[in-house]
Each structure stands twice: as structure tokens, then as C-alpha cells.
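So the structure is just underneath, and the comments pick up after that.
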């Protein structure tokens, strides 16, 4: 048994975690916002992994159930006023009045336990009404779209450029497709949510605005609080900023 300690940029954490699972990791522990440790049983792949993740540091580890150890780091979580996020291996009962979302942190991008996901869910509680059309851009494993679905959003669309993520999202969502906001018609949604990198938000900004109905709201996250002004200044109509830890969400009203 050995482990790799890997540095990762905030916007690339979910992609890195998904890739480590694909490489056969036996468990992953997030050390802080910028580092994680991945455990492996097969020493024969160590050199290949070090080449794949330049700058990673490795060390020998004691033999133990690292999958279970990693799972212990992900207890159920109350998010916002209405949601209960629980890993699929837990059978904790849903608290009264809460909406249950089952997540598998190892399957695709978006575990639900990151501050930006929580910011989006909390904002959706305030904005989404039953019968309101919603578009989730960069849906990952589909957690935000599931939250919208439970809030009564209809119709509901979810897209991602990663086919693996869409395969996972389609387990709970019908209108999930491989692609991005440029594939949808103008004015398709009353709420557009995008929990992606700041670079992607700036690149997709015209499309995100185009997809909104008049009077609609875009909920944009995936960036640090120090980058909030950059997003606000680049998007006409951007206003409210919500902060959680070192992360931010910007709400844009058309």
C-alpha cells in the first residue's frame, strides 16, 4: 500500500478525483482546499502514476481499509433549509421536512460536499418555483439538477461536455445531454445554474444570458470569493454575491 499527495487547483478538484478513481485508487482523502491524498494497493503502477501526476509525493502506508477510511470523511450533510445529501453507502433516515439526494462521490464530477455546490443549492431554494424551467450547465453527476427536480422545476435540462458525467447524471435525469449551453435555444429557462470554473463562465457568458427568459436568474459559482468582482464586472445584470468559506456565487438577473 502506498499513497500519493497531490496538489490540485480549486477548479480542478472534481476532475482530479474522478481520474484517480479511474486509475484504481483504493481511497481518497481531501487534506485541504489545495491538496488530497490518494491510496493505491498495486505498487507496480507507482512510477506510471508519478509520471501522470508531476509533483506528487509518495509514501508507504500501513495496510487498512482505505475505502472505508475515505468514506468516513463523507458523512450525511444538511444543505440549505430543505436538502439532505447522503453518500449512497449510508442508510441514515432523511430528517423530517428534508429532500433526500443520494450521491456517489466516486462516480463523476460533483460530490455535493463542496462549498460551491452548497451555495448553488441554497440559491436554488430561493429562486426555483414549481413549473419553472431550469438549465444546469456543467451538470457533472447531476446533483444540482436533482435539487431543481425536487424543487419542482419543469422542464429541466442538464448538460456537460464530459460523456462519463452524463452517463452518471442520466441515472436520475431524463433530459441530460452531452454538450454545452450553445446547444439550447434562446430563452429556454427561468433559472440557469452553472457551477464551473471562472474561465468557463466568462467564455460561456453570452450563451448563459441567451438561455435565460426575460426576468430569469443565472446562478454562477465554481470560483473563489476573490474572483467574484471579475465575474460581476464581466456580466451585465450581475448583482448579489453569496460567500461560503473561500468560495462565492454570483446571481445575475435578466
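The values are calculated or read from the model by the stated rules, or taken from the named source; none is laboratory data. The structure presented is a predicted model; accordingly, all values stated were derived computationally and were not measured. No Cβ is skipped: glycine too gets one built from the backbone with ideal geometry, and neighbour counts run over all protein chains shown.
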Select from the range 167-206 the residues that are touching a strand residue (DSSP E or B) at 6+ places or on another chain (Cβ under 8 Å) and farther than 19 Å from residue 147 by Cα and list them in ascending order.
-> 178, 179, 180, 181, 183, 184, 187, 197, 198, 200, 201, 204
Looking at 1, 77, which is the one that is surrounded by 13 or more Cβ atoms within 10 Å (Cβ to Cβ), modelled with pLDDT under 90, more than 24 Å from residue 162 (Cβ to Cβ) and under 17 Å from the mean Cα position of the chain (by Cα)?
-> 77
Of the residues in the range 146-166, those that are surrounded by fewer than 21 Cβ atoms within 10 Å (Cβ to Cβ), free of Cβ contacts under 8 Å to residues at least 24 places away in the same chain and within 18 Å of the chain's Cα centre (by Cα) number 2
Any residue at all in the range 217-236 that is in a loop (DSSP other than H, G, I, E, B) and either in the same structural domain as residue 132 (by TED's automatic domain parsing) or without any contact (Cβ under 8 Å) to a residue 40 or more places away in the chain (or both)?
-> yes
When only residues in the range 193-208 that are under 15 Å from the mean Cα position of the chain (by Cα) and not in a loop (DSSP other than H, G, I, E, B) count, which is surrounded by the most Cβ atoms within 10 Å (Cβ to Cβ)?
-> 193
Considering residues of the range 112-143 that are modelled with pLDDT under 85 and touching a helix residue (DSSP H, G or I) at 6+ places or on another chain (Cβ under 6 Å) only, the residue nearest to residue 239 (Cα to Cα) = 112
Any chance residue 109 is at pLDDT below 90, in a loop (DSSP other than H, G, I, E, B) and touching a helix residue (DSSP H, G or I) at 6+ places or on another chain (Cβ under 7 Å) = yes
Residue 206 being out of contact with any helix residue (DSSP H, G or I) (no Cβ under 7 Å at 6 or more places or on another chain), at pLDDT 90 or above and farther than 24 Å from residue 15 by Cα | yes
